[in-house]
Amino acid sequence: MDGISDVAVGVKRGSDELLSSNLYNSPNSGMSSISDGTSNGSDSKKLRVEERVGDAPPSRVLHIRKLPSEVTETEIIALGLPFGKVTNILTLKGKNQAFLELSTEEAAITMVNYYSAVTPHIRNVPVFIQYSNHKELKTDNANQSGGTPTSGSSDGTVTSPSSPVLRIIIDNMFYPVTLDVLQQIFSKFGTVMKIITFTKNNQFQALLQYNDATSAQQAKVALDGQNIYNACCTLRIDYSKLVNLNVKYNNDKSRDYTRPELPAGDGQPAVDPSVAAAFSKDSNSLLGKIPGALSPLSAAAAAAAAAGRVALSGHSGASGVLLVSNLNEEMVTPQSLFTLFGVYGDVQRVKILYNKKDSALIQMADMNQAQLAMSHLNGQKMYSKIIRVTMSKHQTVQLPRDGLDDQGLTKDFTNSPLHRFKKPGSKNFQNIFPPSATLHLSNIPQDITEDDLRVLFTNSGGTVKAFKFFQDRKMALLQMSTVEEAIQCLIDLHNYNMGDNHHLRVSFSKSTI
């Protein structure tokens, strides 16, 4: 790879097995010194950060170097979003450098390992990523002279997030945007507490409150100027002067997610907090019927799309192949991996490695789906083992040569009828959620009872804690005692034949019962 000696991530390229086993290796080489360029009249007040390239152990704060001079915070954040939540950023434009803080050290390790094999590009310029000596980016201005980087604006000056409340204006609103759509989009960046929607000056507007100002800052940076649908419904985001919203009613115009007992008020449609979210997710919403419209910017889908455009631009080697390691080799099969990873994209091929049967290569339909699966499944438990999911250096998964028996370790799912996303504009794109203890069941025959389903899922090796039919009884929510049990049930029972050619469909739900 050109310029590999400059890459300060220190994880050697090689086999995918080496990439996986070196997950906790630290980087090594050179030294750089950076400053944010702010001064209060003396050198002692200048924020100066010494980063010894290669000596730093893994940290959730990453040091990014050789950025193009015109880079935006949105483009830098997009590098990290596929790997986990980005909790802070400091850009040092004078030095073409930045610090990016992720929510966990594990997310940062995964990001460093991936970009050691696939050099990230921003605006066709290769950038270099390493661990920082610092364990967090502090937003306290008092720390400015203490040697710890603080979060700042794009010109390097220190700023604190203004408010946990955002004011949102929707420009070019050719299609309806609902309160639930806003909640789905903005919840990627933190816990959404309250939303109020209204029309002012003939424009649809909203006030949205997070549980902290940092989440609001991150959402503003990532989403301001983005379109919810193709070429329309543009988000214009600014901080509100308010620091707390007073919501009186829970209905289709306002919602307080911390107070589900609030009345609907003034004849507005009542909202049952435990069921409304599930119905808005699983019903045939207007969003799924709009020709040519994108599905809402759901959690990691927005992140993966952004990273696909920004982080990998100019790099022709990017592929949609994942390396999954630490599998239970006694239990795992290509079919079980196809079913689980198929929740997040259309799996094309699966190969369990012949000489390392606790590892597998999974080829998704594209890079976005691969990043989506990685962000949701890395660190989850499958067959009692915590699996690790990283990007592979391979471009495709090779099928065995004709006549070669590989003991069924490789399987081609290209033409599988079970792909969830093969139909353009499928509403399944709106229903992508992280693994959860609550499962959404659909295509249930009319003669199947709650007891039938409880017995079926209990026999899969878990405890059913709660169950709720939807009104038409063709769908239901079922809650297992743990996420691991729910994952096992989804693998075992998705596409299960319930009789009369009714194949049960199982997916993860964002709702609780």
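The values are calculated or read from the model by the stated rules, or taken from the named source; none is laboratory data. Keep in mind the model is a prediction, meaning the values are calculated, not measured. Counting neighbours? That spans all protein chains shown, and the Cβs are built from the backbone with ideal geometry, glycine included. Keep in mind that these areas ignore ligands, DNA and RNA; they rest on the heavy atoms of the full protein, side chains included. Shrake-Rupley method; radii C 1.70, N 1.55, O 1.52, S 1.80 Å.
Laid out as a table, the results:
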{"read-out": "For MET382, residues with placed amide H under 5 Å, excluding near neighbours", "value": "ILE387"}
{"read-out": "Neighbourhood charge, 12 Å Cβ-Cβ cut-off, centred on PRO434 and excluding it, Lys, Arg +1 and Asp, Glu -1", "value": "+3"}
{"read-out": "ASN355/ASP412 FRET efficiency (R0 30 Å; Cβ-Cβ; nearest 0.05)", "value": "0.90"}
{"read-out": "R0 of 60 Å, Cβ-Cβ distance ASP402-LYS241: FRET efficiency to nearest 0.05", "value": "0.30"}
{"read-out": "Under 18 Å between alpha carbons - lysine pairs in region 352-491 that sit 8 or more apart or on different chains", "value": "7"}
{"read-out": "Distance from region 172-227 to region 70-145 (C-alpha centre basis), Å", "value": "24"}
{"read-out": "Ellipsoid equivalent to region 423-513 - semi-axes via the Cα gyration tensor, in Å", "value": "18, 17, 13"}
{"read-out": "Inter-site label distance for THR191 and ILE513 at 7 Å from Cα along Cβ, in nm", "value": "2.5"}
{"read-out": "Contour minus Cα-Cα distance for ASP366 and SER442 (0.36 nm per residue)", "value": "24.7 nm"}
{"read-out": "Residues of region 92-106 with amide N under 19 Å of the 7 Å Cα→Cβ point at VAL483", "value": "102-106"}
{"read-out": "29 Å Cα-Cα threshold exceeded, pairs from LYS351/LYS510; LYS138/LYS194; LYS241/LYS510", "value": "LYS351/LYS510; LYS241/LYS510"}
{"read-out": "Rg(Cα) / (2.2 N^0.38 Å) computed for region 366-410, rounded to two decimals", "value": "1.49"}
{"read-out": "Long-range HN-HN contacts of ILE122 with modeled amide H, under 5 Å", "value": "VAL127"}
{"read-out": "Hits among lysines - C-alpha to C-alpha of LYS200 under 16 Å, sequence gap 8 or more where chains match", "value": "LYS253"}
{"read-out": "Integer Hz, Karplus 6.51/-1.76/1.60 couplings in order for region 174-190, x for Gly and Pro", "value": "7, 10, x, 10, 9, 4, 5, 5, 4, 4, 5, 5, 7, 6, 4, 9, x"}
{"read-out": "ASN495 paired with VAL455, simple spin-label distance in nm, labels 7 Å along Cα-to-beta-carbon", "value": "2.6"}
{"read-out": "Approximate spin-label separation LYS135-LYS468, in nm, with each point projected 7 Å along Cα-to-Cβ", "value": "4.1"}
{"read-out": "Computed FRET value (nearest 0.05) for THR72 with THR199, which takes r as the C-beta separation and R₀ as 41 Å", "value": "0.85"}
{"read-out": "Accessible-area value, HIS376, 1.4 Å probe, nucleic acids and ligands omitted, Å²", "value": "20"}
